[in-house]
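Data block below; observations after.
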Amino acid sequence: QLLPANRNTPSPIDPDTIQVPVGYEPDPADLALSSIPGQEMFDPRKRKFSEEELKPQPMIKKARKVFIPDDLKNNMAAKRSRDARRLKENQIAIRASFLEKENSALRQEVADLRKELGKCKNILAKYEARHGPL
């Protein structure tokens with residue numbers, strides 16, 4: 001079915017500009033475990049992860065100019081790697097929780113919009129039955 005040429009259609013919407021109200025307040029303890037000390041607190045509403053970030057990556061600290069035995073050096077590197085992985089896992093878990101809430105809110109909004117669309121179609125059908133097609 002083709003639409004008339006003079007019909008106004010809405011312009012496309014950038015999905016990133018849509019704000020969906022989501023009642024989500026993460027536990028402050030979880031946020032503390034997901035934030036790097038001395039930096040801004042992790043915000044699961046704003047933070048998106050790239051494919052590269054979702055892969056495990058160690059935190060890199062600047063090497064000291066002091067000789068360190070290999071086994072101690074390895075232990076320190078392993079600890080940094082575990083800490084980095086734990087931080088990233090915590091961030092991903094909080095982000096996933098937020099996305100689940102947002103998804104639920106979006107599904108509810110879609111259901112409400114479909115219901116409203118059905119009502120509009122009924123009103124239009126009644127109007128066209130009385131007065132002819134638009």
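The values are calculated or read from the model by the stated rules, or taken from the named source; none is laboratory data. Since the structure is predicted, the reported quantities are computational estimates derived from the model, not experimental observations. All Cβ positions, glycine included, derive from the backbone under ideal geometry; neighbour counts span all protein chains shown.
Residues of region 15-43 that are β-branched (Val, Ile, Thr) and under 26 Å from GLN108 (Cβ atoms): THR17, ILE18, VAL20, VAL22. ILE68 falls short on exactly one of the conditions (1) β-branched (Val, Ile, Thr); (2) modelled with pLDDT of 90 or more; (3) surrounded by 12 or more Cβ atoms within 10 Å (Cβ to Cβ), and that condition is (2). With respect to LEU117, determine if the residue is assigned to a helix (DSSP H, G or I), more than 18 Å from VAL22 (Cα to Cα) and not small (Gly, Ala, Ser). Judged against the criteria, LEU117 is a match. Scanning region 39-48 for residues that are over 9 Å from ARG95 (Cα atoms) and surrounded by 12 or more Cβ atoms within 10 Å (Cβ to Cβ) yields a single hit, PHE42. Out of GLU116, GLU128, I need the residue that is more than 27 Å from LYS48 (Cα to Cα), modelled with pLDDT of 90 or more, in contact with a Leu (Cβ under 8 Å, 6 or more places away or on another chain) and not aliphatic (A, V, I, L, M). Which one? Residue meeting the stated conditions: GLU128. Every condition in (1) hydrophobic (A, V, I, L, M, F, W, C); (2) touching a helix residue (DSSP H, G or I) at 6+ places or on another chain (Cβ under 6 Å); (3) at pLDDT 75 or above is met by ALA32 except one, and the failing one is (2). May I ask you to say which residue of ALA84, ALA111, ALA63 is aliphatic (A, V, I, L, M), more than 30 Å from PRO133 (Cβ to Cβ) and modelled with pLDDT of 70 or more? That would be ALA84, the only listed residue that is aliphatic (A, V, I, L, M), more than 30 Å from PRO133 (Cβ to Cβ) and modelled with pLDDT of 70 or more. Against the conditions (1) more than 24 Å from ASP83 (Cα to Cα); (2) at pLDDT below 75, GLU25 satisfies every one except (2).
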